[in-house]
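Here's the structure, in structure tokens; my notes come after.
The values are calculated or read from the model by the stated rules, or taken from the named source; none is laboratory data. Keep in mind the model is a prediction, meaning the values are calculated, not measured. We place every Cβ from the backbone using ideal geometry, glycine too, and count neighbours over all the protein chains shown.
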Amino acid sequence: MGDILATGDTILKVEAGGYNLTSKFPALYVKEDAHTGNPTVEIREITIDDLPPDDVLIEVHYSDVNYKDALATQPSSRVVQHYPIIPGIDLSGVIIESRNPRFREGDQVLVTGYDLGTAHFGGLSRYARVPADWVVPLPKGLSLWDAMALGTAGFTAALAMDALQMHGVRPESGAVLVTGASGGAGSMAVNMLADQHYEVAASTGKTALDYLAALGASQILYRDEVSVPSKRPLDHEKWAGGIDSIGGTTLEYLLRTTRYGGAIAAFGMRGGTQISTSVFPFILRGVHLLGIDSVYCPYDYRQEIWRRLGSDWKPSQLHRIAQNTVRLHELPHVLEQLLQGSHLGRTVVDLIRS
């Protein structure tokens, strides 16, 4: 066994020849340029002393890449509350220090959402300190890699599917349209719905027909088909439900075309934050518009959704969706793909080997 080092109110076990309090480790570090005020991005070597104090110290094994992480590197980002910041809204790893009795050294855990990577140093770092109330024990059925292949994207898709089911959208109800289907959350939603025997239609702006068909989509629409503005308050009823990761005119389309009593779970805004609609979908067709929030989801519900993701809701095509695992130095290219809209599926970040 290693040495035992006292660190304030905590005890940190150090494996022989391994981690120590002065070791440097890599992190994706974003700070404001002193002259322009724009964020600059670098892979920086930092130490534990550079991390804000908090309840739990985690050795991060994996993180992932989300659109929020890409936005954190852009000027005038509304995602980041202050700089400097280490992005990464998700992480999975092993606890090596805890002030909270609920967690012990060696526990495998994951963290998604809250202020991670936006107002609090995030998961794109070899080590991270976080509040204990953010930490979820790794569910049975998931490895640390699986947890980040899913990440916020899979968690959000599961919340959306659960919301549809709670509002009566069943496989026998008819086709469900998933918008932004080649993105991370969209891909997860397509596969999870198909696994649960839903008829799934998928819309995308990318050349991803074979990919989406392999995830279980039986019908594929191009982005333009579901995003053209209309002056008509209602159109022909097509969809029993929808999972929308786009917003804007795409969400307007879903509201116009969802069948009587159907429901739409919405969590995206890449297509715009404003929608123009009327009361008719709601008062003439009884359509439910369901807002999905993965950031501050209540802890008990969060644990239950993650439990399902480790069992009957685990996507059958998880390795096809997250077929790309990269190291920290490869991140700038992936972030650029996300910003350009050319990124497909999910990318996991390996912090152990970075």
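Observations, loosely collected:
- Residues being under 30 Å from E105 (Cα atoms) and in contact (Cβ under 8 Å) with a residue 40 or more places away in the chain - total across the stretch 37-67: 19
- Number of positions in the stretch 74-95 that are in a loop (DSSP other than H, G, I, E, B), farther than 8 Å from G123 by Cα and under 17 Å from the mean Cα position of the chain (by Cα): 2
- Condition met for L164 (surrounded by 24 or more Cβ atoms within 10 Å (Cβ to Cβ) and either in contact with a helix residue (DSSP H, G or I) (Cβ under 8 Å, 6 or more places away or on another chain) or β-branched (V, I, T) (or both)): no
- Filter result (in contact with a Pro (Cβ under 9 Å, 6 or more places away or on another chain) and farther than 16 Å from V349 by Cα) within the stretch 141-159: A157
- Any hit, the stretch 33-53, residues being farther than 21 Å from L328 by Cβ, charged (D, E, K, R), more than 17 Å from the chain's Cα centre (by Cα) and surrounded by 14 or more Cβ atoms within 10 Å (Cβ to Cβ): no
- Qualifying position, being within 22 Å of G341 (Cα to Cα) and not small (G, A, S), among P39, P84, P101: P39
- Unmet criterion (only one of (1) modelled with pLDDT under 95; (2) of a type outside the set (F, W, Y); (3) not in a loop (DSSP other than H, G, I, E, B)) for S230: (3)
- Within the stretch 166-188, tally of residues that are closer than 22 Å to V136 by Cβ and over 12 Å from the mean Cα position of the chain (by Cα): 1
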